[in-house]
1. Here are some residues: Val124, Val96, Val153. Which one is touching a Gly at 6+ places or on another chain (Cβ under 7 Å) and under 23 Å from Ala80 (Cα atoms)?
2. Go through the stretch 127-150 residue by residue and tally those that are outside any loop (DSSP other than H, G, I, E, B) and farther than 18 Å from Ala80 by Cβ.
3. Against the conditions (1) in contact with a helix residue (DSSP H, G or I) (Cβ under 9 Å, 6 or more places away or on another chain); (2) surrounded by fewer than 18 Cβ atoms within 10 Å (Cβ to Cβ), where does Met121 fall short? Just the number, please.
4. Only residues that are over 13 Å from the mean Cα position of the chain (by Cα) and without any contact (Cβ under 8 Å) to a residue 40 or more places away in the chain: list them for the stretch 117-135, please.
5. Looking only at the stretch 93-108, count how many residues are surrounded by fewer than 18 Cβ atoms within 10 Å (Cβ to Cβ) and more than 19 Å from Leu137 (Cα to Cα).
6. Does Val163 satisfy the condition of being buried (at least 19 other Cβ atoms within 10 Å of the Cβ) and in contact with a His (Cβ under 7 Å, 6 or more places away or on another chain)?
7. Could we say that Ala140 is in the same structural domain as Ala71 (by TED's automatic domain parsing) and within 19 Å of Phe108 (Cβ to Cβ) here?
Amino acid sequence: MSGLLQLLASLIASPIIYFIGLAIFGAALTSAVEADGAGATDSTASSLSAPASADVPDTKPAMVDAIEITAGELFAAYKANEIAADQQYKGKALKVSGTVEGIASDAFDKPVVQLQAGGFMEQVHANVSSNDAAARLTKAEWVTLACEGAGEVLGIPVLNDCVIVD
């Protein structure tokens, strides 16, 4: 009889605990998205972000002292030595050129442009500041982005606050 009670308790309690966990996760995710959207930005991010006005086109003038590099060169630098590449590119203004391999949304529905960087599964992920700018891109198009280097995640170089230069 005690085994039957344990079975019933687990069948009833388990889904309840599961849904409570989902509710907590959903609330945490929603508050993180709202906090990100509220926009506490540091001075580096604000200096590289897209213009706030809707009347201003989503392009950025040439960045002073920006490091010009191709997506393939950036990927190769991180593949060769992540520490050295971080020292050279992370947190720096970059003008990265490459062929668009894909246009997608991240987990928070923010646009990500994937640039080809060579062989199979070799790409650079550029977090673009504007949905409208990302929507105008097409696969196989050559593009130059003004961004801030953000290091590497799971073997993929990442760029933040990108705007289309040409």
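1. The unique qualifying residue is Val124.
2. Count: 16.
3. For Met121, the failing item is (1).
4. Gly119, Phe120, Met121, Ala135
5. 2
6. No, not satisfied.
7. Considered against the rule, which asks whether it is in the same structural domain as Ala71 (by TED's automatic domain parsing) and within 19 Å of Phe108 (Cβ to Cβ), Ala140 comes out as no.
The values are calculated or read from the model by the stated rules, or taken from the named source; none is laboratory data. Because the structure is a prediction, the values reported are computed rather than measured. Here the Cβ is made from the backbone with ideal geometry for all residues, glycine too, and neighbour counts use every protein chain on show.
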